[in-house]
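Comments concern the structure below.
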Amino acid sequence: MSEVKKIIIDENISGQRLDNFLLNLLKGVPKSKIYSIIRKGEIRINSKRKKPSYKLVSGDEVRVPPIKTSIKENQFVPTNIIALLRDAIVEENEDYIAINKPEGIASHGGSGISIGVIETIRNFGKTYRDAKLVHRLDKDTSGCQIIAKNNKFLRRCNKLISERKVKKTYQAIVHGNWTHKDGLYEINIKKNMLIGKERMVRISDGGKIAKTLFRAVESSNNFSLIQCELVTGRTHQLRVHLSELGFPIAGDKKYGLKENKLLNGSSHKKRMYLHANSFISNDLNINVSIKPPREFKKILKNDE
């Protein structure tokens, strides 16, 4: 995009977050760049600065500055990746697709990743061109991910998630024999703190509150299987929270153990052992549950 662009928001876009709108509009622009231009005030809504979380309203005028894209808008997605994600579909209707996202695939391109789940799904065919992520999973997290096929459904999802009327649960294999009581745990975390070249999330008194329900499911000599329910949805919330409690997720290279002798050199699959196992909303009539992959049971069984 070589010149200033002014976009009038219509009813189809109304209700969408500013950052999500720009991520879809500016395909090929790194996510970090998009947040940077919002923060610097280069993006204007009705001539005013807005935060990334601002919900667009019908009639808003969005001013977008000239931005160079490093990736062509019509990206080529290898046929094997398309086939992999087509096979990962567990449920689909006119409003959404539910997939069992494989670990190792990012939710979207950016920050050095050219192709993710959403870019691939948009290459399924003409009827998928407007597909958008309802929620994100980390690249190394597997499991249940919902993709909206139209803006009306996306707006409903965003509203219900913000009202905490959507239940999202995960299962994690953590190091150690879980010693905490089942229940609600709270921490304050702050995101986008730069540690070297990595973007990290840290415990901070000035950060946003993060709430998680934890329940022990099973334990072996060196590992525990924990059921986790998000009450809030902060960046890397589960990974930071479990690490802070002294039970880091197995295979988590960012917040886990630096020297991982129990995984290195063993027959266990080299991955981060975090899996999104359900997305439930009575209002949306969605009840999708996906069991963790075989390696979750194997790591506990072989550790006895």
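Any read-out appearing in this document is the output of simple, stated calculations on the displayed coordinates, not a laboratory observation. Remember, predicted model here, so these are calculated numbers, not experimental data. Here the Cβ is made from the backbone with ideal geometry for all residues, glycine too, and neighbour counts use every protein chain on show.
A few points about this structure:
- Backbone phi angles across the range 11-21, fed through the Karplus curve with coefficients 6.51, -1.76 and 1.60 (θ = phi - 60°), yield HN-Hα couplings of 5, 5, 9, 3, x, 7, 5, 4, 5, 5, 4 Hz in residue order; Gly and Pro are listed as x.
- Evaluating 6.51 cos²θ - 1.76 cosθ + 1.60 at θ = phi - 60° for every residue in the range 152-157, the Karplus couplings come out as 4, 5, 4, 4, 4, 4 Hz, glycine and proline recorded as x.
- Phi angles across the range 54-68 convert, under the Karplus curve 6.51 cos²θ - 1.76 cosθ + 1.60 with θ = phi - 60°, into 3J(HN,Hα) values of 4, 8, 5, 10, 3, x, 4, 9, 9, 9, 10, x, x, 9, 8 Hz, Gly and Pro given as x.
- Ser53-Lys208 pseudo-label distance in nm [points 7 Å out on the Cα-to-Cβ vector]: 0.4 nm
- Helical contribution to [θ] at 222 nm, DSSP H n ≥ 4, -39,500 (n - 2.57), averaged over the chain, rounded to 500: -5500 deg cm²/dmol
- For the chain, the relative contact order is 14 percent, taking Cα pairs closer than 8 Å that sit 6 or more residues apart in sequence and dividing their mean separation by the residue count.
- Between Val4 and Asn285, the simple label model (points 7 Å from Cα in the Cβ direction) yields a spacing of 4.7 nm.
- Sites Tyr35 and Ala83, calculated FRET efficiency, Cβ-Cβ separation with R0 35 Å, nearest 0.05: 0.60
- Under the convention that each Lys and Arg Cβ holds +1 and each Asp and Glu Cβ holds -1, the size of the dipole of the range 105-258 around its Cα centre is about 840 debye.
- In the chain, taking the dipole from charged Cβ atoms about the Cα centre, the farthest positive-side position among His236, Leu274, Tyr96 is held by His236.
- Each label was represented as a point 7 Å from its Cα along the Cα-to-Cβ direction; for Ser162 and Lys191 these points are 1.5 nm apart.
- Radius of gyration and maximum dimension Dmax of the chain, Cα, Å: 19.9, 63
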